[in-house]
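Below: the structure, in structure tokens.
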Amino acid sequence: MTRELDVILFGATGFTGRLVAEYLAGAAAREQLRWAIAGRSRDKLEALGLAVPIVVGDALDAAAMRALAPRTTVVCTTAGPYARYGSELVAACVESGTHYCDLTGEVPWMRRMIDAHHARARTTGARIVHTCGFDSIPSDLGTWAAQQAFIERFGHPAAVVTGVYGEQGGGFSGGTAASALDLMRAASEDRGVRALLANPYALDPDPAAPHPPAPDETSIGWQPQLRMFTIPFVMAQVNTRVVRRAYALAGQPWGEDFAYREVMSLPGNLRGAAKALGAAGGLAALSFALRRPALRERLARRAPRPGEGPSAEVRARGHWKLRLVAEGPRGDTLIYIASDRADPGYGSTAKMLGESALCLARDPLRSPGGVLTPSVAMAQPLLDRLRRAGLVFAVG
Ligand SMILES: NC(=O)c1ccc[n+]([C@@H]2O[C@H](COP(=O)([O-])OP(=O)(O)OC[C@H]3O[C@@H](n4cnc5c(N)ncnc54)[C@H](OP(=O)(O)O)[C@@H]3O)[C@@H](O)[C@H]2O)c1
């Protein structure tokens, strides 16, 4: 593809968009990147003070999105909630064979995009890659990398991988709060959305086909290899679906019975047990509140506004660590670590989305078009890029 631009960053004026813009600006000289920022407000885009072209278009204006997409090899978008603002841009990228990456974790919207566009994107060659941030690159690319390491060590793939999210610090932004609240509103109003969210195979090519049971974790548990308590992880209902889609799209490379589960860990001592009880109670209370319209609206009033997010100080103290426990059929075990010394949702996510856009624009990839996951679309080239950007992906 020879296009006027390599990357258009759409939604550059938002909280996360500004961080991704900063990241791409830092990489531009090294990558000899021809890139532009885009959004609905020229004034706000100009106020960013970046010496790059500006493209103006409203996400809800299908013609504007159809004009924007063919100008670039890749569209990278942070304009969310994506179920509100994302559909026209995905459709335009699919039609023009433009690669695309975003930060959505909205499973019902991803399902709609798969149903509407996967087959067509195969034809046009557009790689449409959702979940290119903290949701779900560590789980998706981490599982892929853990399996490569496992095969190298034991000569066969792991039958079960458990993603154990541990120590982390950071905050959340207006767009993240709005996405979560929109999703809970949709779930409380629509039984079909509730059923989809509860389906462990919601993002599989055929979510209604028979699959092995894969229940979500709902209670306090114990992780024997790590000797840690576990509780449900808030993002597992997204990440596990993405890992299962990756495995299905890749043609079940780790055997028919491969299973992925995901939890959050707490120390395996008395304090950890007390924390596990408190956190499990807190999660149950949050989930109860989000399902009640009046409580949900009270939470919405206290949440950060669009454009707001954690301060630079909070982000500077941020960090995260995922331990992937890979187990083979004969008890062979390997622990694989994915981590970063940056806050998960913003500092680290800006690197992950920025490098995904660069990878789609620059690297020789073998994947076909389609609605893909990060590991299916980019695998080793993205892993190499993220390591160079300072993230750890390594045997523990
Ligand atoms: N997966 C992850 O790990 C992760 C991490 C961080 C964020 N996210 C997701 O990223 C998204 C953005 O979050 P955020 O906090 O950065 O949101 P935000 O600050 O509210 O920014 C939203 C962006 O969307 C733009 N926008 C809104 N309506 C538009 C329209 N009609 N046309 C064009 N642009 C429009 C806004 O433009 P204006 O400035 O003109 O209003 C702004 O640039 C959310 O969906 C969030 O869940 C995911």
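The values are calculated or read from the model by the stated rules, or taken from the named source; none is laboratory data. Only a predicted model underlies this, so the values are computations on that prediction, with no experimental measurement involved. Cβ: placed from backbone, ideal geometry, glycine included. Neighbour counts: every protein chain shown. Just the protein is used for accessible areas: all its heavy atoms, side chains included, with ligands, DNA and RNA removed. Shrake-Rupley method; radii C 1.70, N 1.55, O 1.52, S 1.80 Å.
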Query raised in the report: Do we have Leu286 as surrounded by fewer than 24 Cβ atoms within 10 Å (Cβ to Cβ) and within 16 Å of the ligand (Cβ to nearest atom) here?
Result: no
Query - Criterion: free of Cβ contacts under 8 Å to residues at least 12 places away in the same chain and assigned to a helix (DSSP H, G or I) - qualifying residue of Arg315, Arg387 - result: Arg387
Requested in this report: Evaluate the range 12-32: report whether one residue or more is under 15 Å from Tyr85 (Cα atoms), free of Cβ contacts under 8 Å to residues at least 60 places away in the same chain and touching a strand residue (DSSP E or B) at 6+ places or on another chain (Cβ under 8 Å).
Outcome: no
Query raised in the report: Pairs, please: C-beta under 9 Å, at least 6 apart or cross-chain, first residue more than 16 Å from Val75 (Cβ to Cβ) and part of a helix (DSSP H, G or I) and in the range 344-357, second acidic (Asp, Glu) and more than 11 Å from the ligand (Cβ to nearest atom)?
Result: Gly347/Asp340; Ser348/Asp340; Ala350/Glu22; Lys351/Asp340; Met352/Asp340
Report task. Answer yes if at least one residue in the range 117-127 is over 21 Å from Ala250 (Cα atoms), more than 16 Å from the ligand (Cβ to nearest atom) and at pLDDT 95 or above, and no otherwise. Result -> no
Query raised in the report: Could we say that Pro368 is assigned by TED's automatic domain parsing to the domain that holds Cys101 and crowded, with 24+ Cβ neighbours inside 10 Å here?
Result: no
Requested in this report: Among the residues of the range 77-88, write down those that are under 24 Å from Pro368 (Cβ atoms) and within 9 Å of the ligand (Cβ to nearest atom).
Outcome: Thr77, Tyr82, Gly86
Query raised in the report: of a type in the set (S, T, N, Q), in contact (Cβ under 8 Å) with a residue 12 or more places away in the chain, within 9 Å of the ligand (Cβ to nearest atom) and in contact with a Leu (Cβ under 7 Å, 6 or more places away or on another chain), is that true of Thr72?
Result: no
Query raised in the report: Given the structure, is Gly97 within 12 Å of the ligand (Cβ to nearest atom) and modelled with pLDDT of 95 or more?
Result: no
Report task. Please determine, by comparing only the residues of the range 257-277 that are assigned to a helix (DSSP H, G or I) and either of a type in the set (A, V, I, L, M) or surrounded by fewer than 15 Cβ atoms within 10 Å (Cβ to Cβ) (or both), which one is farthest from the chain's Cα centre (by Cα). Result -> Leu270
Report task. Look through the range 105-134, keep the residues that are assigned to a loop (DSSP other than H, G, I, E, B) and more than 22 Å from Asp206 (Cα to Cα), and return whichever of them is least open to solvent (accessible area, probe 1.4 Å). Result -> Cys132
Report summary line: In the set Gly354, Gly331, Gly318, Gly347, the lone residue that is within 16 Å of the ligand (Cβ to nearest atom) and open to solvent by 20 Å² or more (accessible area, probe 1.4 Å) is Gly347
Query raised in the report: Could you count how many residues in the range 235-263 are within 16 Å of Ser367 (Cβ to Cβ), touching a strand residue (DSSP E or B) at 6+ places or on another chain (Cβ under 9 Å) and not aliphatic (A, V, I, L, M)?
Result: 2
Query raised in the report: Are any residues in the range 4-30 within 13 Å of the ligand (Cβ to nearest atom) and among the small types (Gly, Ala, Ser), and if so, which ones?
Result: Gly11, Ala12, Gly14, Gly17, Ala21
**Report entry** Of residues in the range 172-185 being more than 18 Å from Gly11 (Cβ to Cβ) and buried (at least 18 other Cβ atoms within 10 Å of the Cβ), the one nearest to the ligand (Cβ to nearest atom)
**Finding:** Leu183
Query raised in the report: Which of the residues that make up the range 128-155 are away from the ligand (no atom under 12 Å from the Cβ) and hydroxyl-bearing (Ser, Thr, Tyr)?
Result: Thr143
